[in-house]
Structure formats: structure tokens, C-alpha cells
1. Would you point out the residue of segment 1-45, among those that are open to solvent by 40 Å² or more (accessible area, probe 1.4 Å) and of a type in the set (Asp, Glu), that is modelled with the lowest pLDDT?
2. Counting just the residues of segment 171-196 that are aliphatic (A, V, I, L, M) and surrounded by fewer than 14 Cβ atoms within 10 Å (Cβ to Cβ), which one comes out farthest from the chain's Cα centre (by Cα)?
3. Of the residues in segment 52-96, how many are part of a loop (DSSP other than H, G, I, E, B), open to solvent by 40 Å² or more (accessible area, probe 1.4 Å) and closer than 27 Å to Glu6 by Cα?
4. Identify, from the list Glu126, Glu120, Glu115, the residue that is among the acidic types (Asp, Glu), modelled with pLDDT under 95 and within 27 Å of Pro8 (Cβ to Cβ).
5. Which residue pairs have Cβ atoms under 8 Å apart, sit 6 or more places apart or on different chains, and have a first residue in segment 150-170 that is under 11 Å from Arg95 (Cβ atoms) and modelled with pLDDT of 95 or more and a second that is charged (D, E, K, R) and open to solvent by 100 Å² or more (accessible area, probe 1.4 Å)?
6. Would you check if Trp140 is aromatic (Phe, Trp, Tyr), open to solvent by less than 40 Å² (accessible area, probe 1.4 Å), touching a residue at least 60 places away in the same chain (Cβ under 8 Å) and over 18 Å from Arg161 (Cβ atoms)?
7. Is it the case that some residue within segment 134-152 is within 25 Å of Ala25 (Cα to Cα), under 19 Å from the mean Cα position of the chain (by Cα) and not in a helix (DSSP H, G or I)?
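The values are calculated or read from the model by the stated rules, or taken from the named source; none is laboratory data. Fair warning: this is a prediction, and the values are worked out from it, not measured in the lab. Here the Cβ positions follow ideal geometry from the backbone for every residue, glycine too, while neighbour counts run over all protein chains shown. Calculation scope for accessible area: heavy atoms of the full protein, side chains included, ligands and nucleic acids excluded. Shrake-Rupley method; radii C 1.70, N 1.55, O 1.52, S 1.80 Å.
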Amino acid sequence: MEMFMEYPLEYFIMLLVIVGSSVGAIFILKIDWRGYGLLFILSGIVGNIICILFVVLNFYSFPVVPFHFGIHMPYTAILIAFPYYVLLGVRFSPRHWYLKIPFYWAFVHIGVLAEKLMEEYTSIIEYGFYWDTFDSYATWWVYLLVFEFIGGKLVSDDKRRPIQTRAFWYGRWAWFSVHFILIITIFLAGVYVGTLL
């Protein structure tokens, strides 16, 4: 209770991430328990291994980790939220790689923005001396694209619902969404860099 009173924002964020990702993941897992389920487990385990490795290497740390009982790593959140993000990507990513790239570009920007906001305004994550936002950016790309490839092997095409190519045409909803996310996040990154100078 004392920790909750001291870090209410951290508790709220962690609860929102765990519950929201759990509910979202259940809807996708119901479509194909085997394919999506295996992808969920693999991406959760790999996500935790990567985070443990980066913590051991002092790339970053987790000073305040609600609901994890003294263990200074949000293993539950990583085991649920990261795989849910992977499932969303695999479920809806377009069929063609030339469209998967802008699709995942937007995904990566959302993930990095969320991480950076937590690093700046909460005590959930703290970057070490050898780690910065660009390192997170590169790691997100590798993580999501590797599991997009693995997901293509585990989940059959009839269990996926790729965004149609037409949606990425000029002025359509996917074109607008990707450009909106990229413009906003790049603008915010520019403002952030400007405040540091």
C-alpha cells in the first residue's frame, strides 16, 4: 500500500498494460490457439530473455515494478504485452513486404514512444549509460520483424486478417494512419532533442 501511494502512476500503467494486453490477446488467441498460442509463448519467452540480458549488461533497469513482488523486472508485463503486440502485428500486417515495412514502422514508433514516455515520466524503466532511444528503436525493429517472419510460419493465411493493399493507397485510412503516427512521433522526437540542446 505504501508503494502504491508513492508510485500511483506506475501502478496504473502496469495494471492497464497487463489487463489490456490480456484481454486483447485472448480475442486473437481464440482464433487459433495453436498457431497464435505458440507465437505468444515464444515471443514472451524471448522478450523476457532479451530484457534479462539487457538488465544484466546494465543497458537499463526497472527501479519500480508494481505487481512483481520484489523482482526488479516486469516479467509478467513483458510476457503478456510484448506477445500481444506481436500477435496484433501478425494478425493484421499486409501480405506484401513493401507494405509490411510502413505498417511495422508505425508499430515501432508507437512502441518506442510508449517506452520513452515511461523512461522520462515514470520510474518503471531507466536507461543506463550505454543505452539510448536509438538502441530501443533498433531492438523493436528486429524483435517485431523476426516474429513477423516466425508468425508467417506458425499462423496459416486463413487465420490472419491482413490490411488490404488498397487501404495503403493515397488518402485511404491505412495511408493516413501510418503517416499520422510517423509525423506525430517524429515531431515529438524533434521537440525532445531540441529540449536537450
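1. So, considering only residues that are open to solvent by 40 Å² or more (accessible area, probe 1.4 Å) and of a type in the set (Asp, Glu), the one modelled with the lowest pLDDT is Glu2.
2. Applying the first criterion (aliphatic (A, V, I, L, M)) to segment 171-196 yields 174, 178, 181-184, 186, 188-189, 191, 193, 196.
Narrowing the set further to residues that are surrounded by fewer than 14 Cβ atoms within 10 Å (Cβ to Cβ) leaves 183-184, 186, 191, 193, 196.
Working: Ile183: 19, Ile184: 18, Ile186: 17, Val191: 22, Val193: 22, Leu196: 25 Å.
The selected residue is Leu196.
3. Here is the first cut: in segment 52-96, the residues part of a loop (DSSP other than H, G, I, E, B) are 57-59, 62-74, 93-96.
Checking the rest, the ones that are also open to solvent by 40 Å² or more (accessible area, probe 1.4 Å) come to 57-59, 63, 67, 69-72, 95-96.
Still in the list and also closer than 27 Å to Glu6 by Cα: 58-59, 63, 67, 69-72.
Total meeting the criteria: 8.
4. Working: Glu126 fails: modelled with pLDDT under 95; Glu115 fails: modelled with pLDDT under 95.
Checking each option against the conditions leaves just Glu120.
5. Correct list of pairs: Pro162/Arg95; Thr165/Arg95.
6. Values: aromatic (Phe, Trp, Tyr): yes; open to solvent by less than 40 Å² (accessible area, probe 1.4 Å): yes; touching a residue at least 60 places away in the same chain (Cβ under 8 Å): no; over 18 Å from Arg161 (Cβ atoms): yes.
It is false that Trp140 is aromatic (Phe, Trp, Tyr), open to solvent by less than 40 Å² (accessible area, probe 1.4 Å), touching a residue at least 60 places away in the same chain (Cβ under 8 Å) and over 18 Å from Arg161 (Cβ atoms).
7. Checked against the condition, which is being within 25 Å of Ala25 (Cα to Cα), under 19 Å from the mean Cα position of the chain (by Cα) and not in a helix (DSSP H, G or I), segment 134-152 yields no hits at all.
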